[in-house]
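Encoded as structure tokens, the structure appears first; notes follow it.
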Amino acid sequence: SDGVGTFMATTARGGGGPSNGVGSTAMPRANWNVPNAAEDYQVKTCDIAKLVLSFDSDDIIYLKLDVEGSEVEILERMIKTNAIDRVRHTWVEWHSRMFVDPKEYNSRKRDIRTEMKRRGTNCWDWR
């Protein structure tokens, strides 16, 4: 959502802040299956559902998500707000391996994909 959120990142060996390629996410810490995710950073956030709904209704929207585990929360929100109805095609990199409970994650993913299909939004896996 719009405002400020927590972004977690593992630190580079020897310190010095976030390290690309080591691990980072904005998903809730309780769900993240990475034990060395120790550093929290407060970052500005935007509500992607609100952003999508701000476009003209005749705009064609394509969405690519690679958000390190936050895809489930983002897509659930987009469904709840009907913003997903404005998106024609999505490509999602799914990150079940990052979750403490992959079965719960995969159940939510199935529900999301089913609802997107029901609404006519194409969804492809991105690897």
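The values are calculated or read from the model by the stated rules, or taken from the named source; none is laboratory data. Everything numeric in this text was worked out from a predicted model, so none of it was measured. As a convention, Cβ positions derive from the backbone with ideal geometry for all residues, glycine included, and neighbour counts pool all protein chains shown.
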Matching residues in the range 29-47 - criterion: being modelled with pLDDT of 75 or more and of a type outside the set (Phe, Trp, Tyr): GLU39, ASP40, GLN42, VAL43, LYS44, THR45, CYS46, ASP47
Within the set of pairs 6 or more residues apart or between chains, which connect a residue that is modelled with pLDDT of 90 or more inside the range 97-111 to a residue that is of a type in the set (A, V, I, L, M) with Cβ atoms less than 8 Å apart? TYR105/VAL72; ARG108/VAL72; LYS109/VAL72
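Restricting to the range 57-87, give me the number of residues that are in a helix (DSSP H, G or I) and in contact with a Phe, Trp or Tyr (Cβ under 9 Å, 6 or more places away or on another chain). Can you show your working first?
So the first thing to find is which residues in the range 57-87 are in a helix (DSSP H, G or I), and the list is 71-80, 83-86.
Imposing the further condition that a residue be in contact with a Phe, Trp or Tyr (Cβ under 9 Å, 6 or more places away or on another chain) reduces the set to 71-72, 86.
Summing the residues that are in a helix (DSSP H, G or I) and in contact with a Phe, Trp or Tyr (Cβ under 9 Å, 6 or more places away or on another chain) in the range 57-87 gives 3.
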Count, please, the residues in the range 63-87 that happen to be loosely packed, with under 13 Cβ neighbours inside 10 Å and more than 15 Å from the chain's Cα centre (by Cα). 1
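Take the range 88-127 and flag every residue that is over 23 Å from ILE61 (Cβ atoms), in contact with a strand residue (DSSP E or B) (Cβ under 8 Å, 6 or more places away or on another chain) and part of a helix (DSSP H, G or I).
Let us first name the residues in the range 88-127 that are over 23 Å from ILE61 (Cβ atoms), namely 96-107, 110.
Filter once more, so that each one left must be in contact with a strand residue (DSSP E or B) (Cβ under 8 Å, 6 or more places away or on another chain): 98-100, 105.
Passing the criteria: MET98, TYR105.
Check the range 67-80 and report whether any residue there is among the acidic types (Asp, Glu) and touching a helix residue (DSSP H, G or I) at 6+ places or on another chain (Cβ under 6 Å). Before you say what the answer is, go through the steps one by one.
Of the residues in the range 67-80, the ones among the acidic types (Asp, Glu) are 68, 71, 73, 76.
Of the ones still in play, those that are also touching a helix residue (DSSP H, G or I) at 6+ places or on another chain (Cβ under 6 Å) are none.
There is no residue in the range 67-80 that is among the acidic types (Asp, Glu) and touching a helix residue (DSSP H, G or I) at 6+ places or on another chain (Cβ under 6 Å).
Would you pick out the residues in the range 17-28 that are surrounded by 10 or more Cβ atoms within 10 Å (Cβ to Cβ), part of a loop (DSSP other than H, G, I, E, B) and modelled with pLDDT under 60? Before you say what the answer is, go through the steps one by one.
At the first step, the residues of the range 17-28 found to be surrounded by 10 or more Cβ atoms within 10 Å (Cβ to Cβ) are 18-19, 22-28.
Narrowing further to those that are part of a loop (DSSP other than H, G, I, E, B): 19, 22-23, 26-28.
Passing the criteria: SER19, VAL22.
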